[in-house]
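Down below is the structure, laid out as structure tokens.
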Amino acid sequence: MLRWLMGLVLAVVLVAGAFFVHVWYFKPARVDWFYARTFAQFALDSPEMLSSMRVLPGWMDFYGGRLDDASLAHEAEQLDLLERSQVTLRRYDRSALDAAGRLSYDVLDYYLGIAKEGTDRFRHHDYPINQMSGVHTDLPAFMTSTHSVSDLRDARNYVARLRLFPRKFDQVREGLELREAGNLLPPRFAVEKVLGQIDSFLAPAPDQNPLYTTFAQKLDKLPAGTIEPAMRDALLADAAHTIEHSVYPAYRALAAYFSALKQKVHEDHGVWSLPDGDAYYAWRVRLFTTTDMTPEEVHTLGLAEVARIAGEMEPILQAQGLTEGSVGARVQQLAQRPDQRYPDSDEGRQAILAEYQRLLDEIDAGVGSAFDVRPKLGVEVRAVPEYAQDGKAGAYYQRGAFDGSRPGLFYVNLRDPGSTPRFAMRTLAYHEGIPGHHFQIAIAQELKGVPFFRRILGFTAYAEGWALYAERLAWEMGFGRDPLDSLGRLRDEMMRAVRLVVDSGIHHQRWTREQAITYMRENTGMAEAEVTTEIERYFVMPGQALAYKAGMLKILALRERAKARLGERFDLRAFHNQVLTHGSLPLALLEQIVDDWIERTLSGQP
């Protein structure tokens with residue numbers, strides 16, 4: 001009997017091993033297995049992604065003390081995997097799949113195809129470290145916001161990751177040096193602001209740095225008895241020592257590199273100045289809009305939208321007694337009124353955070369008529385850490401954890417409380433939180449019955465288009481109907497229209513930084529500091545800012561098409577279900593989804 005049982009176990013192991021080899025190394029028999037393998041191959045190679053998503057059970061935490069490999073050699077391996085994945089995908093017979101299967105196939109094929117197009121020609125045209133993002137700000141944010149500490153192992157892993165900062169920084173610098181050798185240099189202002197961010201990060205003593213103070217807070221929140229006091233003190237002492245002797249030296253080495261680079265960059269040019277820069281920008285336009293628009297078509301669309309929105313803002317400004325000057329100048333006059341500004345103090349900053357949370361709670365309780373599918377995960381408002389404020393956007397959203405342990409986070413930049421007037425706060429809350437990014441991203445995370453990559457993959461035109469659409473939807477539902485709140489909505493829509501003009505102006509028509517800043521100020525009324533941050537963002541993230549308007553206009557057009565064809569059978573909640581319950585999509589596939597739904601509804605099908 002024992003020999004028989006051992007033989008059975010051996011047979012099971014051999015079959016399981018053969019199945020694993022088949023799925024992992026060859027074309028799997030089922031395309032769903034291929035989807036799972038593709039996601040697993042990328043995810044298992046990214047400890048930071050696994051920590052962020054928290055999809056594996058705790059006993060499988062083999063990654064908690066590691067950081068992503070950012071070396072050029074690893075980058076080449078990842079790109080090879082990407083290419084091989086598309087080759088394997090196209091070996092499946094798409095016509096043999098059902099409708100849901102064909103959609104998954106098309107989403108992944110589009111994603112792999114547009115990524116391969118860019119990496120074949122423009123692999124190193126980006127700026128891995130700039131004032132908006134990079135290892136110098138993103139890695140501390142990952143440690144403080146994403147790395148969770150629920151037991152002693154997590155705490156030790158936190159310190160282990162701190163020890164890996166120098167290795168990660170060296171790997172990133174390897175890529176920077178390669179770009180420098182190829183004359184792929186960032187604008188001068190980006191170099192200067194990165195140096196300022198590093199100085200800010202290094203300013204506090206190690207035991208006052210956010211990497212230390214946040215770790216201490218995480219430990220203090222643990223239930224009594226989880227970690228003995230002596231061990232807690234030892235962990236904190238180890239963290240302080242590691243910050244001083246590993247983390248800080250890594251930042252100083254990066255600062256030395258950027259100080260030397262500063263002597264080599266003298267201009268603030270768009271990507272047209274890079275080798276093959278015009279073709280690079282044309283690809284970025286396709287990448288972020290998921291359309292075939294050219295840079296010139298983007299510019300023309302932007303000019304038309306700026307004119308239209310200005311016409312809608314005009315009567316509101318005139319009703320406020322503001323009749324002279326550009327639209328932007330008059331909006332700025334209104335923004336400077338004492339009743340529209342929060343004090344530049346700790347109390348003022350706390351009041352801003354509280355007001356954003358109130359706005360989110362208010363709309364969360366009142367959007368039921370437009371949504372019958374809503375996320376289970378909540379959203380929380382937080383301040384952008386001080387060391388990262390300079391250069392960061394006015395606000396942004398960070399997805400929550402898949403296991404529900406971390407809510408969605410709506411980050412607010414409080415470096416200048418007066419830069420966001422009260423009349424602009426509603427639309428920002430709706431965009432980043434409810435029913436904007438939080439609804440879209442959290443609903444996608446909670447989808448059932450779809451390949452996992454559909455729950456996490458992102459297309460900027462879809463995501464930002466939905467968030468901009470959400471601003472308008474909230475107004476249509478009666479939120480922010482006060483004329484000044486409506487002006488805030490139009491001001492932010494104007495900003496997205498202006499982005500079409502200035503982004504293509506910078507990178508296609510060779511506008512200067514100052515020319516772009518002037519145009520944006522004159523047409524939006526945003527504060528100068530905020531405008532400067534925005535324009536400098538477009539310099540280092542070419543094409544990304546085009547996605548908002550491209551996506552919003554498509555969603556609005558699809559909604560109007562559905563209304564026109566369905567008449568009384570049109571249901572806004574059902575329309576939103578079609579937009580939100582398939583995950584992030586290229587705009588052409590979103591259009592296909594909505595058109596199929598219209599035809600089914602007309603024919604009486606579910």
Of (1) within 20 Å of the chain's Cα centre (by Cα); (2) within 29 Å of residue 58 (Cα to Cα); (3) part of a loop (DSSP other than H, G, I, E, B), residue 376 satisfies every one except (1)
Go through (1) in contact (Cβ under 8 Å) with a residue 24 or more places away in the chain; (2) more than 22 Å from residue 445 (Cβ to Cβ); (3) surrounded by 15 or more Cβ atoms within 10 Å (Cβ to Cβ) and name the single condition residue 584 misses.
-> (2)
Tell me which of these residue 130 doesn't satisfy, since it passes every other one: (1) closer than 24 Å to residue 412 by Cβ; (2) surrounded by 15 or more Cβ atoms within 10 Å (Cβ to Cβ); (3) over 23 Å from the mean Cα position of the chain (by Cα).
-> (3)
For the range 502-512, how many residues meet the condition of being of a type in the set (A, V, I, L, M, F, W, C) and outside any helix (DSSP H, G or I)?
-> 1
Single match in 298, 306, 247 (criterion: within 29 Å of the chain's Cα centre (by Cα), farther than 30 Å from residue 483 by Cβ, assigned by TED's automatic domain parsing to the domain that holds residue 386 and of a type outside the set (Phe, Trp, Tyr)) = 298
Among the residues of the range 293-320, which ones are touching a residue at least 40 places away in the same chain (Cβ under 8 Å) and of a type in the set (A, V, I, L, M)?
-> 293, 298, 301, 303, 306, 309, 310, 313, 316, 317, 319
Hey, does the range 248-267 have a residue that's among the polar types (S, T, N, Q), in contact with a Leu (Cβ under 8 Å, 6 or more places away or on another chain), part of a helix (DSSP H, G or I) and touching a residue at least 12 places away in the same chain (Cβ under 8 Å)?
-> yes
Wholly inside the range 412-498, helices (runs of 4 or more DSSP H) that include 1 or more residues that are crowded, with 24+ Cβ neighbours inside 10 Å are 425-432, 437-445, 460-476
Which residue pairs have Cβ atoms under 6 Å apart, sit 6 or more places apart or on different chains, and have a first residue in the range 403-419 that is closer than 16 Å to residue 386 by Cα and a second that is surrounded by fewer than 20 Cβ atoms within 10 Å (Cβ to Cβ) and of a type in the set (S, T, N, Q)?
-> 413/389; 415/389
Please work out if residue 157 is touching a residue at least 24 places away in the same chain (Cβ under 8 Å), under 26 Å from residue 73 (Cβ atoms), assigned by TED's automatic domain parsing to the domain that holds residue 58 and not in a helix (DSSP H, G or I).
-> no
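Residues checked against (1) in contact (Cβ under 8 Å) with a residue 40 or more places away in the chain; (2) part of a loop (DSSP other than H, G, I, E, B):
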{"position": "70", "(1), (2)": "yes, yes"}
{"position": "76", "(1), (2)": "no, no"}
{"position": "81", "(1), (2)": "yes, no"}
{"position": "86", "(1), (2)": "no, no"}
{"position": "102", "(1), (2)": "no, no"}
{"position": "118", "(1), (2)": "yes, no"}
{"position": "121", "(1), (2)": "yes, no"}
{"position": "126", "(1), (2)": "no, yes"}
{"position": "129", "(1), (2)": "yes, yes"}
Within the bounds of the range 178-192, is there any residue that is without any contact (Cβ under 8 Å) to a residue 40 or more places away in the chain and assigned to a helix (DSSP H, G or I)?
-> yes
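The values are calculated or read from the model by the stated rules, or taken from the named source; none is laboratory data. What you are looking at is a predicted structure, and each value in this text was computed from that prediction instead of being measured. Reconstructed Cβ throughout: ideal geometry from the backbone, glycine too, with neighbour counts over all protein chains shown.
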